[in-house]
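Quick notes on the structure that follows.
Please treat every number below as a calculation from the coordinates, not as lab data. Predicted, not measured: the structure shown is a model, and the values here were computed from it. Heads up, the Cβs are rebuilt from the backbone with ideal geometry, glycines too, and the neighbour counts pull from every protein chain shown.
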């Protein structure tokens with residue numbers, strides 16, 4: 001019993017020292033993993049995915065993906081620098097690619113590796129709509145949701161893994177690959193509802209900071225749900241907030257988002 005109490009105490013202490021608070025949302029999460037190790041795995045998997053996919057280059061849509069992605073990334077850099085946390089993004093290697101795939105999907109892997117599928121472009125309609133989905137996905141990475149999910153998986157493996165601090169060697173790669181499936185499904189990491197809501201909030205603020213109109217976000221998500229249909233919800237939306245809850249949450253965040261938008265020159 002004493003040993004169990006000791007181990008439990010060590011585990012709790014390890015997790016308490018791994019608490020990370022998101023500066024834009026205020027949400028605190030447990031992130032025990034080494035971000036450098038996660039990014040190394042992410043970059044490798046991203047390159048592997050691109051090699052197996054049809055990457056569209058040089059078209060108007062491909063250029064839009066890169067331009068909008070860079071604007072949001074730059075807005076994030078400026079924000080983190082303004083609060084003295086630019087080191088959080090020091091190991092990011094931003095990359096934005098358009099993939100020829102009919103799925104309604106887009107994703108951002110840890111470290112800033114982004115893919116947008118052609119199937120989602122008609123739903124975005126314009127630059128603002130594309131900024132909504134890209135801001136949302138980029139926010140998953142910035143908020144460390146991959147690290148959080150790996151930490152949760154580590155905890156599920158048992159107290160011995162928790163005491164070890166970070167997952168080492170093959171275990172890290174194994175858990176990463178379980179969370180980020182290979183190939184076209186790589187972006188279908190199942191985030192929780194709290195993480196999706198956080199990505200909505202952070203993404204809304206980031207797109208506004210980048211000069212995109214946040215008031216277009218509710219209509220984009222309405223189009224996404226309409227395109228999916230009640231009986232054909234894509235994995236992309238499987239753990240997202242319900243349409244009514246999402247709309248209400250976004251509307252509640254709009255006054256703050258509009259402050260960022262107007263500071264960036266919007267009206």
Legend entry - Most to least packed among 244-256, 38-50, 202-214 [average Cβ atoms within 10 Å]: 202-214, 38-50, 244-256
Inset, instruction - Compute the distance in nm between two label points, each set 7 Å from the Cα along the Cα-to-Cβ direction, one at residue 70 and one at residue 82. - result: 2.2
Inset, instruction - Run the quick spin-label model on residue 242 and residue 36: label points 7 Å from Cα toward the beta carbon, then report their separation in nm to one decimal. - result: 4.6
Inset, instruction - May I ask you to order 27-34, 258-265 by the average number of other C-beta atoms within 10 Å around their residues, highest value first? - result: 27-34, 258-265
Legend entry - Peptides ranked, highest mean first, by Cβ atoms within 10 Å: ranges 116-128, 137-149: 137-149, 116-128
Inset, instruction - Compute the label zone of residue 56 within the stretch 86-113: residues whose backbone N is under 20 Å from the point 7 Å along Cα-to-Cβ. - result: 95-109, 113
